[in-house]
Structure formats: structure tokens, C-alpha cells
Amino acid sequence: MKITEVRTIVTCPGRNYVIVKIVTDEPGLYGVGDATLNGRELAVATILQEYFAPLLIGRDPDRIEDIWQTLYRGFYWKGGPDAMTALSGIDMALWDIKGKRAGMPVYALLGGKTREGVLAYTHAGGRDFVEVEDAVRQCVEQGFKVVRAQVAVPGGAGTYGAGGRMEAASATWIHGDGGPMPAIERWEPSPYLRVVPNLFAHLRATVGPEVELLHDVHERLTPIQAARLARELEPFHLFFLEDPLRPENREGFRIIRQHSTTPLAMGELFHTRYECLPLLTEQLIDFIRCDLGHSGGITEARKIAAVAECYQVQTAWHGPGDIAPPTHAANVHLDLALPNFGVQEMVFFPEIVQEVLPGAPVFRDGYLEVADMPGLGVDVNEDLAAKYPYQRAYLPMVRRADGSVHDW
Ligand code: KDG
Ligand code: MG
């Protein structure tokens, strides 16, 4: 069996997605993967088409590890989010082919199910505590046992990821004379540090102790600020506090750990196992949440999970709306097989995305399921995808009250 074509499909059915379709010389046998990197879609598409695709033509798609090593270690300049996203899309498509060829779902190839369903969480946000409370209640009614809660910060322009249940973190198009420009959000740590513990006090008082709650800091704090927040959140027993620090400052997690027992999660901005290592081996986090679409696909995530397992760290792979259904499906196939799975982030895709990219996991009573069909169970409708051409879009940018730039 040989790879005959690597197709890159860029489409925007509401937001931009980059899809990889790997075609083989076996009639009708192809694999589909996701290579979407929010705000850098065309850079990844160029890496796929100009650098990776020519190396794949004629290769045996069964040799996933060898192809992975070729596209990572084979290059002198390796890694980075753009190349790792391209590699992730290829990796998923190859696992899809392997499953289809074997007549087995990918989770079966990964060792088989260790659980019947995948515990899922989604987002509840609002402009004030009552709106967040209502959103959490709606999630609970829908069956969610774990909910992420975000509230707008008083005085801050922008929603800080608190735009509602189906929050679309990146779909910000502002058309100026030069085309779309990023929205600017304002950020000050003091109001944020005051409002978040009060939000969780309100939620525990109103929705009770049973629903598991978590919160995403979006890497905006300094180590000592994050330590204060983690300590002040202790009475509210968070499932985890996510991404308290920038990914560059892994040492800072030691300071948070010294001050608090609030469980910590990190990893959506990591691209390889090497970035995860110190947080795992020093037991500085409790959940590792790499993005399968940005860190090397199923092949790399399995290895990260295996190291995490040694330290009783559980997985919580990134699952927002800005990665396409094939990554969400890959998440759930891996979650079903992993012994140290923790929780899975998910979104409900709009109907049009489900038509262009069928096969997203299905949510039922708190858990995610994938269809019991060979491969990842995903596809791409290329004719429909072509009707939604790429549109340049930016994530919001963040500035302090004095006008200086801050991390998003
Ligand atoms: O592109 C940025 C989003 O993926 C990010 O804001 C989502 O932090 C996120 C999350 O936890 O889903
Ligand atoms: Mg996050």
C-alpha cells in the first residue's frame, strides 16, 4: 500500500479549519486529519503542501511511527506550533487509514476500551455571577457533571472567554480599512483576582457541592498571583485550575504548588513531550492537557500520557471549537483506551460544521461516545468545504490599562 496524494483542504464554515486528506493506492481507502491552528491556518497549509506532502508520496501509510520520526527528527529545524500542527493532521489521517484497513476503530488499535464513555466538560460563561450560575445550571440539566466557569472581569473590555455556553474564543472579525483586525481586550490582574474567588463562592452557594467546577486562567498571571488565586479557591474544591502561567515559565509552578492544594492543569500551548516533562516528573500538575492537533497527534499524546501515568497525572486534552471534529474524535478514541484519562473538554459544533466535517463525538448524559466504525469515524465533504473559502481572522489581543501589551 502506498500514499498517492496528500490533500490540504482549507475551509471556513463559520471559522477556519485546515483538513488533511491522505489518499492511498487502495481503491476508496483514505484518511482524514485536522491541522487547524487558530490564526495561522495558511502557514500550516503551506508546510503541509510545500514541505511535508512531497515526502509522503509513495510511502507506506502503515508505518506511522517512521513517518512521524521523519517529519519531526528528520528535519534540522524541528517543532514549533506550525510544523507540529501539520504533523498532527498527518498523524491522525494515518491512524484513520490504519483503522479502516484493519476494520477496527482507532481506540481498538490503541489497546481497546478501558471505559464505556468519556467524561466531558463544556463552558459556562456570563457577564455576571447570575448569568454564569444560569449557564452552569443549563449544563447540569443537559447532563454535564463537570463545567468550566468563566465570568467577565469588571472594568475589562472583552469577555475573557466568558461569552456564553458556545463561546467561540477566536471568531473575532473586525473589518477596518485594511481588512480584519484583532479586537483589543483590556486586562488588569487585581480585579480578576478579586472576582474569581467570589464567583466560585457564589456558585458553590447556589448550585451546590456536587457539580465539578473548573476555571481557565489563560496564562495571564505571575507565579505569586497564581499561588494566591489557587489558595483562595481551595474552599470551593475545583476539579482543576487551568493554565495559570505562561508556557514559557514552567518553573513558576513550583511556587503555586508550595502554597496550594488546588489541582492544576496545563499543556494546551505545549507542542512536544519535552515541554511536559518537568511538570510531570516534578509532580507540579495534576492534569496534562496537550492539544492532539498541535502536539504531534495520537502518536505523541500516547507517549505523553504514558509518562503522566507514572506520576498519577491524568489527561484532559484540549477540546475547544477552534480545532476541527477529527481532533475531537482523536481525543475520544485515545481517552477510551488510556488508563489515566481524567476529563475531556468538548463543544457542540454548529450544524454546518457537522455537514462539512461529519464525525464529531456524540455527547450523552455527561459522557462522549464515538461511532463504532473503522478508523476515526470522521470525514470531509470536499464539495461543501469549497463553498466556504478561508477568511483571515485573529484572536483578540490584550493590553494593560496603561496601554502595554499582555499575553492573551
Ligand atoms: O485558540 C485559543 C483557544 O483554543 C483557547 O482559548 C481555548 O483555552 C482554551 C480552552 O481551554 O479551550
Ligand atoms: Mg484553556
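The values are calculated or read from the model by the stated rules, or taken from the named source; none is laboratory data. Being a predicted model, the structure only gives us computed values, none of them experimental. Neighbour counts are summed over all protein chains in view; Cβ atoms, including those assigned to glycine, are modelled from backbone coordinates with ideal geometry.
Points to keep in mind about this one:
- Residues of segment 115-160 satisfying the condition of being among the hydrophobic types (A, V, I, L, M, F, W, C), within 16 Å of ligand 2 (Cβ to nearest atom) and farther than 25 Å from Ala183 by Cα: Ala120, Val146, Val147
- Number of the condition not met by Tyr388 [criteria: (1) modelled with pLDDT of 95 or more; (2) within 18 Å of the chain's Cα centre (by Cα)]: (2)
- Across segment 257-272, the qualifying residues are those that are of a type in the set (S, T, N, Q) and within 14 Å of Ala230 (Cα to Cα), and the one among them that is farthest from ligand 1 (Cβ to nearest atom) is Gln258.
- Segment 98-157 - residue that is within 20 Å of the chain's Cα centre (by Cα) and of a type in the set (D, E, K, R) and, of those, farthest from ligand 1 (Cβ to nearest atom): Lys145
- Pairing each residue of segment 83-94 that is assigned by TED's automatic domain parsing to the domain that holds Asp62 with any residue that is surrounded by fewer than 24 Cβ atoms within 10 Å (Cβ to Cβ) and hydroxyl-bearing (Ser, Thr, Tyr), provided the two are 6+ apart or on different chains, yields C-beta distances under 6 Å for Asp91/Thr299.
Matching residues to (1) buried (at least 22 other Cβ atoms within 10 Å of the Cβ); (2) in contact (Cβ under 8 Å) with a residue 40 or more places away in the chain; (3) under 25 Å from Asp82 (Cα atoms):
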| site | (1), (2), (3) |
| --- | --- |
| Gly297 | yes, yes, yes |
| Trp317 | yes, no, yes |
| Ile323 | yes, yes, yes |
| Met346 | yes, yes, yes |
| Phe363 | no, yes, no |
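- Just one residue in the set Tyr76, Tyr72 is in contact with a helix residue (DSSP H, G or I) (Cβ under 8 Å, 6 or more places away or on another chain) and either surrounded by fewer than 24 Cβ atoms within 10 Å (Cβ to Cβ) or among the hydroxyl-bearing types (Ser, Thr, Tyr) (or both); that residue is Tyr72.
- Among the residues making up segment 389-408, those that are closer than 26 Å to Thr8 by Cβ and not hydrophobic (A, V, I, L, M, F, W, C) are Pro389, Tyr390, Gln391, Arg392, Tyr394.
- Pair list, Cβ under 9 Å, 6 or more apart: segment 254-283 residue over 18 Å from Arg220 (Cα atoms), other residue buried (at least 19 other Cβ atoms within 10 Å of the Cβ) and of a type in the set (Asp, Glu): His271/Asp291; His271/Glu300; Thr272/Glu300; Arg273/Glu300
- Subset of segment 65-105 (residues that are within 17 Å of Glu50 (Cα to Cα) and among the basic types (Lys, Arg)): Lys78
- Criterion applied to Gly58, Gly28 was being over 16 Å from Leu87 (Cβ atoms), over 22 Å from the mean Cα position of the chain (by Cα) and touching a residue at least 40 places away in the same chain (Cβ under 8 Å), and the one residue passing it is Gly58.
- Residue identified as modelled with pLDDT under 95 and not assigned by TED's automatic domain parsing to the domain that holds Leu269 among Gly31, Gly79: Gly79
- When restricted to residues that are touching a residue at least 24 places away in the same chain (Cβ under 8 Å), surrounded by fewer than 24 Cβ atoms within 10 Å (Cβ to Cβ) and hydrophobic (A, V, I, L, M, F, W, C), segment 299-312 contains 2.
- Subset tally (residues that are away from ligand 2 (no atom under 16 Å from the Cβ) and within 19 Å of His318 (Cβ to Cβ)) for segment 251-286: 6
- Residue within segment 317-328 that is away from ligand 1 (no atom under 16 Å from the Cβ), modelled with pLDDT of 95 or more and either farther than 18 Å from Leu119 by Cα or not assigned by TED's automatic domain parsing to the domain that holds Ile64 (or both) present: no
- Any hit, segment 232-249, residues being among the basic types (Lys, Arg) and modelled with pLDDT of 95 or more: yes
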